[in-house]
1. Return the total of residues in the stretch B:113-122 being within 14 Å of the ligand (Cβ to nearest atom) and either buried (at least 20 other Cβ atoms within 10 Å of the Cβ) or within 14 Å of chain A (Cβ to nearest Cβ) (or both).
2. Looking only at residues in the stretch B:98-112 that are surrounded by fewer than 21 Cβ atoms within 10 Å (Cβ to Cβ) and closer than 30 Å to B:THR47 by Cα, which one is farthest from the ligand (Cβ to nearest atom)?
3. Count, please, the residues in the stretch A:61-88 that happen to be surrounded by 13 or more Cβ atoms within 10 Å (Cβ to Cβ), in contact (Cβ under 8 Å) with a residue 60 or more places away in the chain and away from every other protein chain (no Cβ under 14 Å).
4. Being of a type outside the set (S, T, N, Q) and either surrounded by fewer than 17 Cβ atoms within 10 Å (Cβ to Cβ) or closer than 12 Å to B:ALA73 by Cβ (or both) is the filter here; which residues of the stretch B:32-50 pass it?
5. Can you tell me which residue within the stretch B:126-135, out of those that are in a strand (DSSP E or B) and more than 9 Å from chain A (Cβ to nearest Cβ), is farthest from the ligand (Cβ to nearest atom)?
6. Using beta carbons and a limit of 8 Å, which pairs, at least six apart or on different chains, have the first residue in the stretch B:16-27 and among the small types (Gly, Ala, Ser) and the second one in a loop (DSSP other than H, G, I, E, B)?
7. For the stretch B:136-155, give me the residue count where each residue is more than 14 Å from chain A (Cβ to nearest Cβ), outside any loop (DSSP other than H, G, I, E, B) and of a type in the set (S, T, N, Q).
8. Given the condition at pLDDT below 90, surrounded by fewer than 17 Cβ atoms within 10 Å (Cβ to Cβ) and farther than 20 Å from B:THR141 by Cα, answer yes or no: does some residue in the stretch B:68-75 qualify?
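The values are calculated or read from the model by the stated rules, or taken from the named source; none is laboratory data. Computed from a predicted structure; not experimentally measured. When we count neighbours, we look across all protein chains shown, and the Cβ atoms used for this are built from the backbone with ideal geometry, even at glycine.
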Amino acid sequence: MTDSVPEVMEGAREMVLALADDELCIGQNLAWWIAVGPFLEEDLALTSISQDELGHARALYGLLGDDVDALAYGRQAHEYRSAHLTELPCRDWGETLVRHFLYDTAETVRWAALADSSWEALGAVARRALAEERSHLRHASGLLSRLLRTEAGRSQLLPLFDQFTPLACELFELPPGCSHEALLADGVMDRSLSDQRAEWQSAVDDAVASAGYQPQWPADGATTASASGRAGQRSAHFAALHAEMVEVLSLDPTARW
Amino acid sequence: MSRAVPAGVVAAVRRSVSQVCDPEYPEVTIAELGILEGVSSSDCGSTVRIELVPTMLGCPALDVIARDVTDAARRACAGADVSIEVTFVDDPVWTPDRIAPSAVGFLAREYSVAVRSRSAAASCPICGNDALEHRSDFGPTPCRSVEWCPSCRNPIEVVGRVDLPAAMGAAPASPAAMGAAQASPALA
Ligand SMILES: [Zn+2]
């Protein structure tokens with residue numbers, strides 16, 4: 001990337017921070033399922049996916065600075081940029097599955113748009129993460145398609161799509177201070193966020209079409225109201241999530257594994 | 001003026017860190033597992049740079065491996081006035097193909113763990129049957145999936161998820177990206 005354009009670099013760093021915060025929050029939320037998954041294989045799957053997402057967060061924070069822990073845990077609530085979808089606890093497994101499907105479908109699109117980034121270190125992380133993402137998506141899609149073949153699955157899961165999709169659209173929003181045009185012009189990402197969002201929506205549409213369902217999508221451009229997470233406003237769930245993340249650190253700031 | 005690191009010191013560090021073992025398989029070295037990418041003297045000043053390739057970005061053993069490598073490097077250059085830099089690189093990408101054949105045999109024999117690679121299908125470490133059935137991408141650690149051996153009727157842990165090696169191989173890194181591979185994250 002052209003280092004001579006510092007404001008582009010600054011915007012790219014803001015974007016990476018938001019992506020990292022998404023990964024951190026969803027990774028931490030998925031970790032809740034350790035040992036309480038509905039069946040053993042699912043327990044292992046959610047645990048592994050949680051570790052992968054936290055690993056992606058670490059790799060992204062690592063692009064921004066050397067002190068990854070300080071970036072991940074040491075900021076004030078208003079300095080986080082996570083999409084509110086990722087902060088939801090989802091203690092119901094159906095909720096976790098639908099959120100996981102929406103999120104990992106979105107991530108696959110987002111990483112692909114960054115795989116050839118002009119910020120070469122970001123491109124390398126994106127290619128690496130994309131390879132891990134395929135197994136996440138296969139896991140989510142496989143369970144979803146099987147469950148949507150049953151009446152119980154349809155009645156429990158489909159309403160969640162309408163509940164979560166407006167929130168999920170925030171995954172394709174940038175924090176304030178990022179110029180979308182500059183990120184595109186400089187090749188930090190290779191396709192626009194509205195193209196990415198359209199690609200994601202059509203993948204989601206396809207997944208539920210077999211169940212005769214059509215999610216109600218907010219109009220493009222109408223999601224700015226929901227992009228409050230990107231702007232630094234935390235959802236009601238963030239405080240508890242963050243307290244859990246820093247529990248050991250606040251007991252002993254020098255704790256090491 | 002930068003002082004170059006004596007070649008003997010670099011070689012000693014390379015020997016020493018090559019012997020560092022994986023926390024999960026304490027008899028197998030990180031060199032055999034393909035986690036150790038390279039040991040070199042840094043261009044700028046008296047630094048020995050050690051590059052490691054993470055098996056998975058979220059591998060919880062990364063910090064332990066980095067610490068053990070740092071300790072081994074420090075031991076090897078005791079007395080020499082050099083600093084040690086240990087970094088995880090995103091390029092190249094680790095795949096099970098990086099595991100040495102000797103380690104593949106050892107893992108099968110001692111841990112009943114199979115290895116999936118592009119060059120060879122995973123075969124059952126217990127009975128040798130090479131028609132394993134895929135059960136789950138997710139096993140006891142993020143880098144292991146679970147298969148089923150219909151012949152000896154055992155669940156089998158396999159290093160590597162089904163599409164990891166192919167998917168990674170299909171993602172070409174530009175030469176520029178290879179040259180600019182940055183550490184992520186930097187670990188002291
Ligand atoms: Zn067998």
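1. So the answer is 3.
2. So, considering only residues that are surrounded by fewer than 21 Cβ atoms within 10 Å (Cβ to Cβ) and closer than 30 Å to B:THR47 by Cα, the one farthest from the ligand (Cβ to nearest atom) is B:ARG98.
3. Count: 9.
4. B:LEU36, B:GLY38, B:VAL39, B:ASP43, B:CYS44, B:GLY45, B:VAL48, B:ARG49, B:ILE50
5. Selected residue: B:HIS134.
6. B:SER18/B:ILE30; B:SER18/B:ALA31
7. Number satisfying all stated conditions: 1.
8. The answer is no, given that none of the residues of the stretch B:68-75 is at pLDDT below 90, surrounded by fewer than 17 Cβ atoms within 10 Å (Cβ to Cβ) and farther than 20 Å from B:THR141 by Cα.
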